[in-house]
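Step one of this worksheet: look at the structure below.
The values are calculated or read from the model by the stated rules, or taken from the named source; none is laboratory data. From a predicted model like this one, the values you see are computed outputs, not experimental measurements. As a convention, Cβ positions derive from the backbone with ideal geometry for all residues, glycine included, and neighbour counts pool all protein chains shown.
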Amino acid sequence: MRMRTRHSFAPHPPRSLAGIACMRVHSEVQHGYPPYENIDSSCKAVGSTREERVLVDDLGGGQYRLVCTPGWLQGLAAGDIIRLDSREPLGYSLVSRGGNIGVQCFFKNCDIGQVKKWALEQIEPLGGVMDGEYETEDFALLVFTFHVSIGFQDIEGIFRKLETMFLPSEWFYANVYDPDDGFTPLNWWIDC
């Protein structure tokens, strides 16, 4: 995955990439979630796994802060702190939330340059950033991060409009719903 890192999202100020590591994480598709119904059937095979490189700040002691929201991995977003833990099925456990909401958008048969231009015009005034992109012959993925203070209503408004403008497309919250079932809210934002 080609990741474009921008460091303007909360809680981190802009800085260089010095000291940032790249770690591999595994993501297992549970219950066919997210339901990539219109995009690519290979993405939704229950029990299938993907390996993803995730940019992190090494905090020491086996703890890492995610620099960007992952493209495939569910349940995490930029700013979250994880701890390596070989006893966990995916090899890590969540230590704390970073206060950011991740959004993963999948597109098929779209001019991805046009999609990015439109999306950035909408999200940047709100303080959102595009964390990465991934493109194949069959589909494209864009990943965005917003601080939770922006609010769900504004975020959803952008992506509902995006879905109607660029068909077929689907978007999902990366860290709002329980990755085990895809619909139970995690409610971490209540304490923010």
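Of all residues in the stretch 99-114, those satisfying the criterion of being of a type outside the set (S, T, N, Q) and either within 12 Å of GLU133 (Cα to Cα) or crowded, with 23+ Cβ neighbours inside 10 Å (or both) are ILE101, GLY102, VAL103, CYS105, PHE106, PHE107, ILE112, GLY113. When ARG87 is tested against (1) out of contact with any Lys or Arg (no Cβ under 7 Å at 6 or more places or on another chain); (2) closer than 23 Å to LEU59 by Cα; (3) of a type outside the set (A, V, I, L, M); (4) not in a loop (DSSP other than H, G, I, E, B), just one condition goes unmet, and that condition is (4).
Can you pull out the residues in the stretch 173-190 that are at pLDDT below 90 and surrounded by 19 or more Cβ atoms within 10 Å (Cβ to Cβ)? PRO179 - this is the single residue of the stretch 173-190 that is at pLDDT below 90 and surrounded by 19 or more Cβ atoms within 10 Å (Cβ to Cβ).
Which of the residues that make up the stretch 81-118 are within 11 Å of the chain's Cα centre (by Cα) and of a type outside the set (Val, Ile, Thr)? Step through it out loud before you land on a result.
Looking only at the stretch 81-118, we keep the residues that are within 11 Å of the chain's Cα centre (by Cα), and these are 100-105.
Across the stretch 81-118, the qualifying residues are ASN100, GLY102, GLN104, CYS105.
Looking only at the stretch 99-116, residues that are assigned to a loop (DSSP other than H, G, I, E, B) and either among the basic types (Lys, Arg) or closer than 27 Å to ARG65 by Cβ (or both) come to 2 in all. Restricting attention to the stretch 117-131, the residues that are surrounded by 14 or more Cβ atoms within 10 Å (Cβ to Cβ) and in a helix (DSSP H, G or I) add up to 6.
Summed over the stretch 132-151, the residues that are part of a strand (DSSP E or B) and exposed (fewer than 14 other Cβ atoms within 10 Å of the Cβ) give a count of 1.
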